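Read the structure below first, then the notes.
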Amino acid sequence: MNRREPLFKQLAGPAEQGTCHLPPLIQDIIILVIIISICVQTLPLLVLAIFNPGSAQDLDGSSSSSSSLKRNQVAPSEAMAPVEGTGVKAKVEGLIKGHTVMVFSKTTCPFCDQIKDLFKQREIQAEYLELDTLGQEGTDIQEALLEISGQKTVPNVFINGKHFGGCSDALSADSSGQLKGRIRAGFHDYQFDTIVIGGGSGGLVASKECSRLGQKVAVFDFVQPTPLGSTWGLGGTCVNVGCIPKKLMHQAALLGGNVQDAQMFGWSLSGDSKPSLDWPKMVEAIQSHIGSLNWGYKVALRDKKVKYLNEYARFVDAHTIKGVNKKGKETEYTAQNFVLAMGGRPKYPDIPGAKELGITSDDLFSLPYNPGKTLCVGASYISLECAGFLKGAGLDTTVMVRSILLRGFDQQMANKIGDYMEEEGVNFIRECVPYKMERVEEGQPGKIKVYAKYNDGTEFTDVFNTVLFAIGRDPCTSGLGLEEVGVKLAKNGKIIHDEAERTSVSNIYAIGDVLQDKAELTPLAIKQGMLLARRITLGDKLLTHYENIPTTVFTPLEYGCVGLSEEDAEAKYGRDDIEVFHKNFWPLEWTLAKRSEAACYLKLVCRPSEDMKVVGFHYLGPNAGEITQGYAGMMVMGAKKADFDRMVGIHPTNAEWFISMDITKSSGVSPTAAGC
Amino acid sequence: MVQKYKVEGFEAFEAKLADIQREFAGKTVLVLFSGSKDPKTHQSWCPDCVTAEPVVQACLDKAPEPEQVVFLYVGVGSREFWKDPQCIFRTHQSTQLKAVPTLIKWGSPQRLEESQCNRPDMVEMLFDD
Ligand SMILES: Cc1cc2nc3c(=O)[nH]c(=O)nc-3n(C[C@H](O)[C@H](O)[C@H](O)COP(=O)(O)OP(=O)(O)OC[C@H]3O[C@@H](n4cnc5c(N)ncnc54)[C@H](O)[C@@H]3O)c2cc1C
């Protein structure tokens, strides 16, 4: 930072520096004006220096207990006080503390001109003190600057009371976008401009972006082990125990199916023709990939100058948190702003044996042994996805459902997913809830007896090797003193917030899975983190857009959707103002493989009163994620049914079925496709 | 003191690594792959390697538990040898290098590449658990 710049003599600056050289007479006049203005301006600042004699502020921003200095310029009327007993250093410190941007410069230095031009262009209000116009005092000030900042050369720039650097620092901070954020961070004596709690999908992005834009940032990430002892590295849910291992296990399952399909295409498998999955080998490969991602995040945080603290954070007051590390060591940290990004953790039912004998998705992806015969409790997308790949891995798999599948999703699609899974051999036990679990046998896996009750009161019992709970997730908002500092929580523990992700405390923001009534998805947490960081650092106005968020459920038959479910569209617009176009299709790659002809299905929910605007997009079939992401662009742009029909297809694909859909649900005509 | 070794070429690397793993089981092994040095100038042909080596060495000297660390310097060969896409250091399962210098905490996914190796704050992360 403290790069030394040569002190250029008058008119000696090379022309390529881009500084303008004025004729000597004009320069003299300018200098005169500057001297006068400096005389007028330094007096009040000298007074300020008296009020703050030798204020030993920590210039690097590390903890300093001396409390809030008033940073406004001293009113001119106070300028009459006699200047006595103050050192040059105190005067300089007064100047630094007295201005948001304080520049010590010289009238003769082309780099100083460059900085002045830059600040003028960017409309940055800065205070300049021209040292070469002050005679011996100027030289003394330069010595004091060296002592304070380690930099003797001019221009020497201070922002918000802290040393910033010289001309090249300002130029590079400007081009990297940091300058504005640094200035906007404001005067404060906290250690950090922003502390982010939670190094997951949202928190990592928010912390890196705040830092990139000039703030001093720390991110806390600490994983509390599961009851079984599973724990993981930096990156949060998605990377360690969510999206990433989930999609890889789903892929492992799909590959098994493809190997079987391959025989129908003419491939012969040598030896045993039924593929079998080596669970520990799969887990090891997945965990090794996750290990490299954890490392990559750590490197990226260092690279972006974000301080990573592997400590559990708790609030002490609205500007202070206490971090506790693995060894129980406590440290306090202060910050101007906080971003809450703690995510969530799986729920356990309150029944005997649940925590001792059950596992959740937090354990499954690193389970070192084959889980064997597995019961997945719950009908969330996580439960169905896990059941799907466990079945695909060749295991005896059962799903226990209390009421409906995939609450919140389009129910026609949800039931089709369930039907397909049943066809694949997943057992469904419906309208049934477990009430007790007992260990029958130790082992890896052992044996667990599950007692459950159907809604009609009849009993269910069976023995499983593994019981996985996927009955929902709780936000990680308890136990860290949020309510004590005034952050309001909803009944379910989620954080109440406004449209700019501000909580009820003005310097505390929240993103990701902890937010009330917002989808729990990684790309959404990332978007929220990115936009929030820009609002905090730059005062940007752009808000996160919550309409048309695409998503995909990676069940054996994948399901992708954007916009409204049929039920929600009906509730919002009325049955009379929706028209549903739908179609069954048979993927070409499924024909030779003799897979189900009736499983894949798509529908567009449209609104007649808006010229058949497509308000809901639904696809059930292979590669749903890839297809849905593409069509999400059209949905965001407000496409109508006619826009879908205008497209030319890519043949042969599954995505092309969305073009020229002509069968409406209301017509009662069968949606079964009539071939190519 | 960190135990330090130096080898040239893939075969020597494999042999030395096997020795180290036998002799120092359980210790942290850091391997620095670098463009080989010109015997006359004692300088690597790769500028990032020239900058990285003293940085890495200085970090090793400050390792929090030096007796727990073993360091192996590996010269990957001449520029010509390295630039070949089929260079064994690039293709072999155990190394899979994409760049020199690369500093690897052996047996872990932790590796630093190119100018990352010039940053003491990055190199120090390899000593964290
Ligand atoms: C099985 C599963 C599959 C999923 N699949 C998908 C998918 O396919 N696509 C998708 O988009 N989303 C998926 N998700 C959801 C996605 O993982 C989350 O929406 C996303 O991770 C939320 O990010 P976040 O930043 O809010 O929090 P998280 O990523 O959960 O990160 C929060 C971090 O904060 C830490 N933390 C909590 N409290 C503290 C504290 N007091 N101090 C320090 N650290 C703390 C936590 O340990 C964690 O590391 C899946 C989730 C699960 C469980």
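The values are calculated or read from the model by the stated rules, or taken from the named source; none is laboratory data. These numbers were taken from a predicted model, which means no experiment stands behind them. Here Cβ is always computed from backbone atoms with ideal geometry, including for glycine, and neighbour counts include all displayed protein chains. Protein only, heavy atoms only, side chains kept; ligands, DNA and RNA dropped before computing areas. Shrake-Rupley method; radii C 1.70, N 1.55, O 1.52, S 1.80 Å.
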Could you tell me whether the range A:308-321 includes any residue that is surrounded by 15 or more Cβ atoms within 10 Å (Cβ to Cβ), within 30 Å of A:Leu482 (Cα to Cα) and either of a type in the set (Lys, Arg) or without any contact (Cβ under 8 Å) to a residue 60 or more places away in the chain (or both)? yes
Which number in (1) more than 14 Å from chain A (Cβ to nearest Cβ); (2) open to solvent by 50 Å² or more (accessible area, probe 1.4 Å); (3) within 13 Å of the chain's Cα centre (by Cα) marks the one condition that B:Trp106 misses? (1)
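Residue-by-condition table, conditions (1) among the basic types (Lys, Arg); (2) open to solvent by 10 Å² or more (accessible area, probe 1.4 Å); (3) away from the ligand (no atom under 16 Å from the Cβ); (4) within 21 Å of A:Cys476 (Cα to Cα):
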residue: A:Val157; (1), (2), (3), (4): no, no, yes, no
residue: A:Ser172; (1), (2), (3), (4): no, yes, yes, no
residue: A:Gly181; (1), (2), (3), (4): no, no, yes, no
residue: A:Val205; (1), (2), (3), (4): no, yes, no, yes
residue: A:Val217; (1), (2), (3), (4): no, no, no, no
residue: A:Gly229; (1), (2), (3), (4): no, yes, no, yes
residue: A:Cys238; (1), (2), (3), (4): no, yes, no, yes
residue: A:Pro245; (1), (2), (3), (4): no, no, no, no
Only unsatisfied item for A:Ala624, checking (1) over 35 Å from the mean Cα position of the chain (by Cα); (2) at negative phi; (3) in the same structural domain as A:Gly560 (by the TED database), is (1)
Being farther than 27 Å from A:Glu356 by Cα and among the basic types (Lys, Arg) narrows it down to one of A:Lys488, A:Lys494, so name that one. A:Lys488
Considering A:Asn337, A:Asn294, A:Asn325, which residue is closer than 30 Å to A:Leu228 by Cβ and surrounded by 15 or more Cβ atoms within 10 Å (Cβ to Cβ)? A:Asn294
Helices (runs of 4 or more DSSP H) fully within the range A:264-382 counting 3 or more residues that are within 14 Å of another protein chain (Cβ to nearest Cβ): A:279-303
Of all the helices (runs of 4 or more DSSP H) wholly in the range B:67-129, which have at least 2 residues that are in contact with a Lys or Arg (Cβ under 7 Å, 6 or more places away or on another chain)? B:120-123
Would you check if there is a residue in the range A:574-582 being under 17 Å from the mean Cα position of the chain (by Cα), away from the ligand (no atom under 16 Å from the Cβ) and more than 14 Å from every other protein chain (Cβ to nearest Cβ)? no
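Rundown of residues vs (1) over 16 Å from B:Ala12 (Cα atoms); (2) touching a Leu at 6+ places or on another chain (Cβ under 7 Å); (3) touching a residue at least 24 places away in the same chain (Cβ under 8 Å), yes/no style:
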position: B:Thr28; (1), (2), (3): yes, no, yes
position: B:Phe33; (1), (2), (3): no, yes, yes
position: B:Trp45; (1), (2), (3): yes, no, yes
position: B:Asp48; (1), (2), (3): yes, no, yes
position: B:Ala52; (1), (2), (3): yes, no, yes
position: B:Val56; (1), (2), (3): yes, yes, yes
position: B:Pro64; (1), (2), (3): yes, no, yes
position: B:Gln68; (1), (2), (3): yes, no, yes
position: B:Gly77; (1), (2), (3): no, no, yes
Here is a list of conditions, (1) away from the ligand (no atom under 12 Å from the Cβ); (2) at pLDDT 95 or above, and A:Met264 meets all of them except one; can you say which number that is? (2)
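Table: residues versus (1) open to solvent by 10 Å² or more (accessible area, probe 1.4 Å); (2) more than 12 Å from the ligand (Cβ to nearest atom); (3) not acidic (Asp, Glu).
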{"site": "A:Ser383", "(1), (2), (3)": "no, no, yes"}
{"site": "A:Cys386", "(1), (2), (3)": "no, no, yes"}
{"site": "A:Lys391", "(1), (2), (3)": "yes, yes, yes"}
{"site": "A:Met400", "(1), (2), (3)": "no, yes, yes"}
Check on A:Thr458, open to solvent by less than 30 Å² (accessible area, probe 1.4 Å) and hydroxyl-bearing (Ser, Thr, Tyr): no
Check the range A:185-197 and report whether any residue there is in contact with a Cys (Cβ under 6 Å, 6 or more places away or on another chain), within 16 Å of the ligand (Cβ to nearest atom), away from chain B (no Cβ under 14 Å) and over 30 Å from A:Thr555 (Cα atoms). yes
Given B:Glu124, B:Glu114, B:Glu80, which one is within 11 Å of chain A (Cβ to nearest Cβ) and either under 14 Å from the mean Cα position of the chain (by Cα) or not β-branched (Val, Ile, Thr) (or both)? B:Glu124
Conditions (1) open to solvent by less than 20 Å² (accessible area, probe 1.4 Å); (2) more than 30 Å from A:Asn337 (Cα to Cα); number of the one not met by A:Leu482: (2)
Got a sec? Which of A:Ile659, A:Ile650 is among the hydrophobic types (A, V, I, L, M, F, W, C), open to solvent by less than 60 Å² (accessible area, probe 1.4 Å), over 20 Å from A:Ile549 (Cα atoms) and without any contact (Cβ under 8 Å) to a residue 40 or more places away in the chain? A:Ile659
Out of everything in the range A:560-576 that is open to solvent by less than 40 Å² (accessible area, probe 1.4 Å) and out of contact with any Lys or Arg (no Cβ under 8 Å at 6 or more places or on another chain), what residue ends up being farthest from A:Thr628 (Cα to Cα)? A:Gly574
Selection from the range A:372-381 of residues that are open to solvent by 30 Å² or more (accessible area, probe 1.4 Å) and more than 15 Å from the ligand (Cβ to nearest atom): A:Lys373
Check the range A:467-478 and report whether any residue there is more than 16 Å from the ligand (Cβ to nearest atom) and small (Gly, Ala, Ser). no
Take the residues of the range A:340-371 that are β-branched (Val, Ile, Thr) and surrounded by 19 or more Cβ atoms within 10 Å (Cβ to Cβ): which is farthest from the ligand (Cβ to nearest atom)? A:Ile359
Among the numbered criteria (1) within 23 Å of the chain's Cα centre (by Cα); (2) within 15 Å of the ligand (Cβ to nearest atom), which single criterion is violated by A:Ala253? (1)
Would the range B:16-32 turn up any residue that is open to solvent by less than 50 Å² (accessible area, probe 1.4 Å), touching a Pro at 6+ places or on another chain (Cβ under 8 Å) and over 13 Å from B:Gly75 (Cβ atoms)? no
